[in-house]
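What follows is a single structure, written as C-alpha cells, with notes after it.
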Amino acid sequence: MGRVFFNTRKHITALNGDYTVLASESGKTFMLSATGGTVAITLPTTLETGLNYKFVVKEETPANAITIAAGSAIVDMVMKDAGGNASNSTAGTAVSNLIIGTSAQQGDYINMFTDGTTWYAECMSGIDDAVTTS
C-alpha cells in the first residue's frame, strides 16, 4: 500500500510594503516588516463568511508603523500583551484600523476572521501598547 502525503505546510508570504489582501488568500500567514517606510495592508472590503488571515511581526521593533485597514468594514479586537494588559481591546466598539507600532516584537501576531458582517481580531503582543487601533 502506498503512502499518501498531503502538503500541510502553512502558506506564508513576506510583506515589506503596501499590500491589498485577496479573498483567495484566506488561511495565509503574512510575515510583516516595515524597513522601507510605513506599510498599509488593506483587507478585502467584500466580506465573505470564513475569510481568515494571520499577521505576524517579522521585524524586531519595526522601523515604521504597519496599519491593517479594514476599509468600510469594522473590526472588533481582543488583545492581550505579555503583562496580561487588555487596554487596547475594543470591547465591542468597532474600529477601522489596527496599527502595529515600532515597539512591536518579533512574533507578535494578529489573527483575523470575518463572519460575513464584521472583521474580528485576536492579538497577542509582547509589549504593552505595541498594537493600537483607530
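A few notes on this one:
- Inter-probe distance in nm under a simple model that places probes 7 Å from Cα toward Cβ, at residue 48 and residue 14: 2.9 nm
- Candidate values [x] 1.07; [y] 1.01; [z] 1.39, label of the one derived for Cα Rg over 2.2 N^0.38 Å: [x]
- Aspartates and glutamates whose Cα lies under 18 Å from that of residue 10, excluding same-chain neighbours fewer than 8 positions away: 25, 108
- Antiparallel DSSP beta bridges within the chain, as percent of all bridges there, nearest 5: 50 percent
- When you filter the trypsin sites (Lys or Arg not before Pro) in segment 1-53 for DSSP loop state and at most 14 other Cβ atoms inside 10 Å of their Cβ, you are left with 3, 9, 10.
- Global form of segment 4-68, assessed from the alpha-carbon gyration tensor, a/c cut-off 1.5: oblate
- For residue 106 and residue 26, the difference between the fully extended length at 0.36 nm per residue and the C-alpha to C-alpha distance is 26.5 nm.
Read-outs: derived from the displayed coordinates by stated rules, not from any lab. Fair warning: this is a prediction, and the values are worked out from it, not measured in the lab. Virtual Cβ from ideal backbone geometry, glycine too; neighbours counted across all protein chains shown.
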